[in-house]
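**Student:** Quick one: the structure is below, questions incoming.
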Amino acid sequence: MAAPDEPEPVEAIDRLLRGACDRRPETVGVAVSGGGDSVALLLAVLDWARPLDIVVRAATVDHGLRPEAATEAAWVADLCAARGIAHHTLTIDGLTPGPGVQARAREVRYAALADWAKEQRLGIVLLGHTGDDVAETLLMRLKRGTGLDGLARMPVWRRVGHVDFGRPFLEVSRSSLRAGLAQAGVTPLEDPSNTDGRFERARLREAMAALDLDARALARSAAQLDTARHALDALTATSLRDLFLRDAGDLILDLSAARAAPREILRRALLTALGWIAGGAAPRRAEQDHLIATLLGTPQPLTLAGCRIAPEGGGARLMREAARAAPPEAFTPSGTLWDGRWHVTGPAAPGATVGALGPDVVATDWRATGLPRPSLMASPAIRDAEGALLAAPLADPGAAGQFTATLRPPHALFD
């Protein structure tokens, strides 16, 4: 039974999927560890899906770290079989105990579930994170001095590969889910790590109980921080056109506009620009602060997050770092997506590859393009099976023949 200020589990699932899907999915996946949160999710998804003739599939990840994990996965399999749900156990090899094991386990778990979902042709997999998880995460990140983005509530959706992982219970408490299981006569498994003082989250739960901290109130705070984060993101999006001018695959920052912009908006805009160019993880906060201080002071060339940043007139050019560009990939006439953003097309060329132009820039008429040499060194080049340069569409468009390189997807806010 849900508390008065939180949705019923089935309502929460319906609200999540109605808000995200143009039409109801035919099949939904559920990640089930056997713990109370995920078992409650499984039963609620089943209650939601059956009247709609939606198929439910479940998966349990065995991280290979505890001998009893196989027995727990078998328990979940029996629970699913009794309810007519197809179940798979996903066993992970090579994960070892030690520092950061829970974070490492989380990443390989997502990867395993994404692979399973792809095999099962599932576009959506639901996870059992609750409002209590939101509260605990908020406190853990406060302890580390995390900024707004880290303190904001975990996203309702997370995309891994081609799979959308949804969290319908972020406004539902763990106690409500446990009460529902008791009413249904289901006793879930208990993960021993939840009470193992070696793990930070277990220690935090004990401290929250000792201090009588209200998880619901903390979760509401994290939700309000998430609202603030989205507002800042929206303001940043409207500022991108004022701050940047796109030049082929580069972005030129207007330093006068940068100096006039609120510092937090500038920081977010720079992260958006770096991500668009290189597609990698955001640099650490200290590196972000150093970048901003350099740009607003006396701009100097530097490299960061797979990008080169160089002063240019009254601005600074952000370009791809050639040494960090993606390795060569096989070229296909129908189009090859290289380095995460260049769509390269052209006539059939057996054995050809697409990679960074690099030092071969000297063999092109690159000066005629008006683009800097370092920028063009990171641009796509097509080479034959022996490695000889066939075309460099950006560096030498006149000699590129039918080969083309276009940005995919383009970023409308930079144009």
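**Student:** Note the angle between two axes, namely the Cα long axis of helix 36-49 and the longest principal axis of the Cα atoms of the chain, as a number of degrees from 0 to 90, rounded to the nearest 10.
**Tutor:** The helix 36-49 is inclined about 90 degrees to the chain.
**Student:** Hey, another quick one. Quick one: which of 304-313, 210-219 comes out on top by average Cβ neighbours within 10 Å, and what's the full order, highest first?
**Tutor:** By packing density, highest mean first, the sequence is 304-313, 210-219.
**Student:** Helix-only mean residue ellipticity at 222 nm, the chain, DSSP H runs n ≥ 4 weighted -39,500 (n - 2.57), per residue, nearest 500. What is it?
**Tutor:** When only DSSP H runs of four or more count, the value is -13000 deg cm²/dmol.
**Student:** Something else about it: Write down the Å³ per residue value for the convex hull defined by the alpha carbon atoms of the chain.
**Tutor:** Spelled out: Cα convex hull of the chain, divided by residues, is 179 Å³.
**Student:** Going toward the positive end of the dipole of the chain, with +1 on Lys and Arg Cβ and -1 on Asp and Glu Cβ, which of Leu189, Pro67, Pro372 do you reach last?
**Tutor:** Farthest towards the positive end: Pro372.
**Student:** Turning to a different aspect of this structure: Over region 251-389, what is the relative contact order in percent, taking alpha-carbon pairs closer than 8 angstrom and at least six residues apart?
**Tutor:** Relative CO of region 251-389 lands at 19 percent.
**Student:** Please give the helix 174-184 orientation as an angle from the longest Cα principal axis of the chain, in degrees from 0 to 90, rounded to the nearest 10.
**Tutor:** Approximately 50 degrees, to the nearest 10.
**Student:** Compute the distance in nm between two label points, each set 7 Å from the Cα along the Cα-to-Cβ direction, one at Ala82 and one at Leu407.
**Tutor:** 5.7 nm
**Student:** For Arg308, list long-range residues whose amide hydrogen, built 1.01 Å from N in the peptide plane, is under 5 Å from its own amide hydrogen.
**Tutor:** Close amide H contacts, sequence-distant or interchain: Met319, Arg320, Glu321.
**Student:** Quick one: dipole size for region 352-415, taken about the Cα centre, charges +1 on Lys/Arg Cβ and -1 on Asp/Glu Cβ, in debye to the nearest 20.
**Tutor:** Value, rounded to 20: 140 debye.
**Student:** With the Cα gyration tensor of region 9-213 giving a ≥ b ≥ c as the square roots of its eigenvalues, does the rule (a/c under 1.5 for rounded; else a/b larger than b/c for prolate; else oblate) give rounded, prolate or oblate?
**Tutor:** The shape class here is rounded.
**Student:** Of the residues Ala385, Ala111, Ala400, which exhibits the maximal mean-square fluctuation in a Gaussian network model of the chain defined by a 10 Å Cα contact cut-off?
**Tutor:** Ala385
Each value in this text was obtained by applying a stated rule to the coordinates, not by laboratory testing. What you see is a predicted model, and the numbers here were worked out from it, not measured in a lab. Neighbour counts are summed over all protein chains in view; Cβ atoms, including those assigned to glycine, are modelled from backbone coordinates with ideal geometry.
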